[in-house]
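Below is one structure, written out as structure tokens; comments come after it.
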Amino acid sequence: MAMRWEAFLDQVKERGKYESTEEAERAARTVLALLGAHLVGEVRAELAARLPEEMALILLNPLQAHEPLSPERFVRATAAWIEGAAEQTAAWDVGAVLSVAADAAGEELTGRVLLQLPAGYDLLFGHPQRV
């Protein structure tokens, strides 16, 4: 079942310690647009189905990526897309959004999402993989 829009943004706002819902929404839109470029097929569709419709559409119509980005480059790309963001604040944005998305997805789907991404994304999702 898809998460409600307000609940999703409230959780992002809380985890990101944003002062406004608008800040949380800006981060969520940017991070999910970048993430959508890295996921394909059923995994992307299943994750979208668990997100609020507005966020699902962003995930399903992503920014274009020419190659998979390492976690570090993903954070830098996020910083480039968010006006006034530095890499440190972008890392905070990414963690806030992806951890809420992981909660909405559940453990099994989050695991399948991580299989489509380069090594190291588990930390961005707040789900460190045991080695």
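The values are calculated or read from the model by the stated rules, or taken from the named source; none is laboratory data. It should be emphasised that the depicted structure is a prediction, and the values quoted were computed from it without experimental measurement. Positions of Cβ are backbone-derived with ideal geometry, glycine not excepted, and every protein chain shown enters the neighbour counts. Side chains included, ligands, DNA and RNA excluded: accessible areas come from the protein's heavy atoms. Shrake-Rupley method; radii C 1.70, N 1.55, O 1.52, S 1.80 Å.
Counting other C-beta atoms within 10 Å, and keeping those with at most 12, which DSSP coil chymotrypsin sites (Phe, Trp or Tyr not before Pro) do you find in segment 57-131? Mind dumping the intermediate values first?
Working: sites: Phe74, Trp81, Trp92, Tyr121, Phe125; in loops: Phe125.
Qualifying residues, ordered by number: none.
Express the carbon and sulfur contribution to the solvent-accessible surface of the chain as a percent, rounded to the nearest whole number, probe 1.4 angstrom. Intermediate values should be presented prior to the final figure.
Numbers: 3800 of 7160 Å².
Summing carbon and sulfur atoms, their accessible area is 53 percent of the total for the chain.
For the chain, what does the accessible surface come to per residue with a 1.4 Å probe? Please give it in Å².
Numbers: 7160 Å² over 131 residues.
For the chain, the per-residue accessible area is 55 Å².
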